[in-house]
C-alpha cells in the first residue's frame, strides 16, 4: 500500500502534524486488553452496582423499570440496524426509514397528536425543543410559563438553554398558570402525571394558553401513562413532548433515553429534528425518506430550527418493536397494572403510622411519601432489606427532607409490594 | 439486499391478535384516575403476534446496509466496525438495570466507570477535564461554546461573534447561534487551509471563539495550528476544536498541545459506538483548566476515601444540559473499545490515514482532487471530470449502491462542488479497499462510456431512486387508521 501511495513509511503520511503537537509517549491508559480481560474488568464494575434484578425496585422520577420483551433488545443485534448510518440515502436505508415512520405513527396515536418526529435526545431537551418550537409559532413573544411541577431537571435544562437566547422562563404553581400567561407568552407547559405523580387535566395548560394566544405544551415523563390517560392531543394541546424510554428502552443509569415531540399537523414545518415521510420510487412503489430537511442544520446552518443532528435511532427502533408487540391490548394492560399496583401500595403505606401520602390529587403509578425521619435514612434502611424504596425529594427540594417518590410498575409482583409495606412499617 | 414489499406493522394488524404476555393482575383493579381523565382504546395501534413482529423487523433490516455488509466510505462519519463485546458489556445487568437516582453507594460501579473514562479521555486530549454529560456531538458543541461564553462573562463581556471556517460542519454555525452568538465565516485558501492573515483580520476583540475542525473536513491538518491558537489567544478568544475527526490522530498528537481550549468528541465516530441508523450519540467535551469551573452539571468527583459521587453544586457551572448524568450506555461501549486498544490506540489513526491515502493514490487519476494538500483520515474528490459527461456526485452515489457499497458523503463540504468525501477508517484491509477502488474505477469508466446508465440507478436496491421532492411537497409523516 505504501508503494502505491509513494510513501516510505506510514510516518511520512503525518508530515503536516508538527512535532510540537505530537505526544511524547504513548498515552498512559494501560496495555491493550483481550475480550476476557475486558469482560472481567467491566464485569467487576457492573457487579459493584445494586440493580433492578437483585433488589425490589420502586424508583421512578422520570426513569421507570418496565418490562422489555426479549424480541425488542434482540432485534438491535442485527447489524443492519446496529451499524447502519443515518438514512440520508433512502435507497439503502428503507428499513430504518420505515421503522422511523412507524414509530412516528405509534407516538402520534399515543399522544393523540397528528404528527411526531423521529425522536430527540431525551425528555429535558425535548421540552427545550418544544418551547423553542412554540417561540417560532408565536413569533415576537419572549416568555415561557412553566408549571413548577415539571421535572426539576427538565426545568434546569430549559434555563441553561434559554439563558443566552433572550427568552424568559417563569415558573409558577399550577393554579397561577392563567395569571402568569400574558401577551408576551409564547408557551404554557405542564406535566402530567407531574413530577410528584399527580395526574392533571391537560385543559389546565390549554385554557391558560388560549387566554393569551400562546402554545399549550404537555410534558410526559412516564409514557406508559399515555395508554390509560386522556392524551395531550385529545385534550387540544398544541405540542406534546417528553420521555418515551418507558416504551421499550432499558434504564441504563438514565440514558441513552428516548425523547419525543409530537404536534398538530399545521405546525409540522416548525418541528425540530428528523422526520421520515412516505413517497414513491421511480417505479411508483411506496418508499420512505427523510423529509422537510430544509429545517435542519446541515442545510440551514445558523438559521436552522435546532443544532440537533442525531436522533436516538436505536432506541426508537427498540421502542417500535416494543410498541408493536405490546400493541393495543398490551399497552393498556401494562398501564392498568401499573396504576392498580400503585394504588395498592399507596393504600398500604397510608395505613402505616408515621407515614403519609404527600401527593394530594389522583396518581397514576407514582406518588410522594412523607416519613417520620429523613428520606435518605428511610431509603438507606430499606436498601439494607434489598428494597430500592424511592427517590428522595431533598435532591431538588431541600425543604422536603422527609419525602420520597415511590414508583410501582408491572414489574413489581404483589408479594414484593407486600414486603415493601411490611418493611416500611418496621421503620415507623 | 433483497427487494421486497414489507407492509407497515399497522397494516399487518388483525383484531384480537396479541404478541405479548403479562402475568395476571395480582392486586384489586382499583384505579384512582377519574373517568373524565381516562382515554378510550388506542385506535389503530398494532395487534400482531410475536412471529409477525420478528418477520417484520427481519425483513425491514434487509433493506438496510450496515458496516458488516462491507466498507462504508461515508466521509466525516467514521463508519468503523462496532466490536460485539461492547454491546454485551453495555447490557451487563449491573449497568443496564441500574437507576440514575439509586443511592450513590449502590451505583459506585457506574460512577467509577465514568471517572475512569474521563481520565482516559483527558489523557488522550491532553486537556484538564472532560464532561461526559452531552447527549451527542452537537450538544457537546453547545456545552463548549457556553463554557467559553461563561468564562468571558466572568471578565465582563461575552463578546459577539464566533468565527467558523467555510469548510465546517453545519452543526457549528447552528450551535453558535443557539449559544447567542453571530457567525462570521472564514474563507479557506486555495490549499483548503485557513490563512493566518484572514484570521488575524477577523479575530477582533469582540470575537469569542474560533471553531475549527481538526483535521478539517477536507481531511487536511492545519500545519500552523499553534500559530492559529496564538492569534486567537492573543485577542482574548478561545480555540474550539471540533473533534469529529479525532480518528485521524488519536493517540499520536493531542489537542492540548495544539492550543485547543475545548474539544468535543463523538464517541460514535472515533470510539466505535454504533451509529444505529442515527443515534444514540454521545459528545464528551474536554476542556482546559481555565474552563473547568464552567463544566455542565453533574460532574463526577472522587472523595479521599476512594468513593465517587455526582456533583451538582457548582456555582460557576453553565448549568444542566439534560436529565440524569450522561449517555451512560454509550460510555460503557466506548470504554470497552478503548480498553481493547489501550496505549496502542495510535495504531487506529495510523491505519485510518494509511487507508485514506491508499484510496487517494488509487483514484486520483480518475477523480478530480480540488485540494492536493496531504490527506489524513479522509479524502475529498469532486465529480469535475465526470460532470463533463453530465454525471454528478449524486449519480455516482446512486450507482455505487449497485456495486454493493453505500456512497461517500456527497452533500458536504460545501466548498467542494460535487464533493465525494471518502473515509475508509482503519477497519478495512487491502482486499476491501481494492474492491471499493475497483467499483469507483468502473463507475468512472461508465461515466465516460455509457453515461445513460446513471439516470436509472440504483437498479439493485430494495427500492429504486426515491422521489424526495414529492415527500417534501406533500408530507405524509404517519400512517392513518
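The smallest convex shape that holds all Cα atoms of the protein assembly as shown, its convex hull, gives 150 Å³ per residue. Here each label is just a point 7 Å from Cα along the line to Cβ, and for residue B:448 and residue B:201 those points are 4.2 nm apart. Each peptide in B:52-63, A:103-114, A:280-291, A:192-203 receives the mean, over its residues, of other Cβ atoms within 10 Å, and ordering these scores from highest gives A:103-114, A:192-203, B:52-63, A:280-291. In this structure, residue A:265 and residue A:165 have a Cβ-Cβ separation that, at R0 = 35 Å, corresponds to a calculated FRET efficiency of about 0.85. For region B:111-165, a Kirkwood hydrodynamic radius built from all Cα pairs, placed in the Stokes-Einstein relation at 4 °C and 1.567 mPa s, yields a translational diffusion coefficient of 100 µm²/s. Note on A:53-59: average number of Cβ atoms from other chains within 10 Å of each residue's Cβ is 3. Here the simple spin-label model places points 7 Å from the Cα toward Cβ, and for residue A:418 and residue A:70 these points are separated by 2.9 nm.
With all pairs of separate Cα atoms included, region A:47-134 yields a Kirkwood hydrodynamic radius of 16.3 Å.
Mean partner shielding of peptide B:309-321, defined as the number of other chain Cβ atoms within 10 Å of each residue Cβ, is 3. Take every Cα pair under 8 Å whose residues are at least 6 apart in sequence, average their separation, divide by the length of chain B, and the relative contact order is 20 percent. Taking the alpha-carbon centroid of each part, what is the distance from region B:290-352 to region B:151-170 in angstrom? Between the Cα centres of region B:290-352 and region B:151-170 lies a distance of 24 Å.
With N counted as the residues of region A:137-228, its alpha-carbon radius of gyration over 2.2 N^0.38 Å works out to 1.03.
Can you give the FRET efficiency to the nearest 0.05 for residue B:347 and residue A:175, using r as the Cβ-Cβ distance and R₀ = 45 Å? E(calc), rounded to 0.05, equals 0.10. Computed over chain A, the range of Cα coordinates on each principal axis works out to 83, 57, 49 Å, biggest value leading. Where in region B:85-102 is the amide nitrogen less than 16 Å from a point lying 7 Å along the Cα-to-Cβ axis of residue A:77? Backbone N within reach: B:85-93.
Here chain A carries DSSP beta bridges of which approximately 55% are antiparallel, counting only pairs with both residues inside. Sorted into 10 angstrom bins from 0, the C-alpha pair distances of region A:212-332 split as 11, 33, 39, 15, 1 percent. Put simply, when A:90-96, A:7-13 are sorted by average Cβ atoms within 10 angstrom per residue, most first, you get A:90-96, A:7-13. Summarising the strand pairing of region A:105-200, around 0 percent of its internal DSSP beta bridges are antiparallel.
Once the gyration tensor of the Cα atoms in region B:64-150 is diagonalised, the equivalent ellipsoid follows with semi-axes of 27, 23, 13 Å, ordered largest first. Distance from the alpha carbon centroid of region B:423-481 to that of region A:382-406 works out to 55 angstrom. With Cα atoms defining each centre, region B:180-227 and region B:77-144 are spaced 31 Å apart in the structure. Each residue of chain B gets 201 Å³ once the volume of the Cα convex hull is shared out per residue.
Geometric descriptor of region B:231-283, per residue, is 82 Å³ (volume of the convex hull of the Cα atoms). For a distance above 18 Å, tell me the whole-number percent of Cα pairs in region A:1-71 that qualify. The calculated P(r) of region A:1-71 puts 72 percent of pairs beyond 18 Å. Dividing the Cα radius of gyration of region B:372-426 by 2.2 N^0.38 Å, with N the residue count, gives 1.13. Take each residue of peptide B:338-349, count the partner chain Cβ atoms within 10 Å of its Cβ, and average: the result is 5. For region A:1-128, the relative contact order works out to 7 percent when only alpha carbon pairs closer than 8 Å and six or more residues apart are counted.
State the percent of C-alpha pairs, over all pairs in region B:34-108, separated by a distance greater than 17 angstrom. For region B:34-108, the share of Cα pairs beyond 17 Å comes to 75 percent.
Let's test the formula: R0 of 45 Å, r as the Cβ-Cβ distance of residue A:139 and residue A:396. What FRET efficiency results, to the nearest 0.05? That pair, residue A:139 with residue A:396, gives E of 0.85. Working note: Cα gyration tensor of region A:89-202, eigenvalues times five, square-rooted, sorted largest first, giving semi-axes of 29, 17, 13 Å. Along its three principal directions, the equivalent ellipsoid of region A:288-417 from the Cα gyration tensor extends over semi-axes of 39, 22, 13 Å, largest first. Each peptide in A:145-158, B:353-366 receives the mean, over its residues, of other Cβ atoms within 10 Å, and ordering these scores from highest gives A:145-158, B:353-366. With contacts taken as Cα pairs under 8 Å at a separation of at least 6 residues, chain A carries a relative contact order of 20 percent.
The Cα atoms of region B:1-78 define a convex hull whose projected area, averaged across directions, is 10.2 nm². For region A:356-407, what class follows from the C-alpha gyration tensor (a ≥ b ≥ c being the square roots of its eigenvalues): rounded when a/c is under 1.5, otherwise prolate if a/b is larger than b/c, else oblate? Oblate shape, in that a/c is at least 1.5 and b/c is the bigger or equal ratio. Here's the picture: a label point sits 7 Å out from the Cα of residue B:84 along the beta-carbon direction, and within region A:61-83 the residues with their amide nitrogen under 12 Å of it are A:77-79. Percentage of Cα-Cα pair distances in region B:305-395 greater than 23 Å, rounded to whole percent? Beyond 23 Å sits 59 percent of the P(r) for region B:305-395.
Readers should treat all values here as calculations from the given coordinates under stated rules, not as data from a laboratory. The shown structure was predicted, so the numbers you read here are calculated from the model rather than taken from an experiment. FYI the Cβ positions are ideal-geometry reconstructions off the backbone, even for glycines, and counts take in every protein chain you see.
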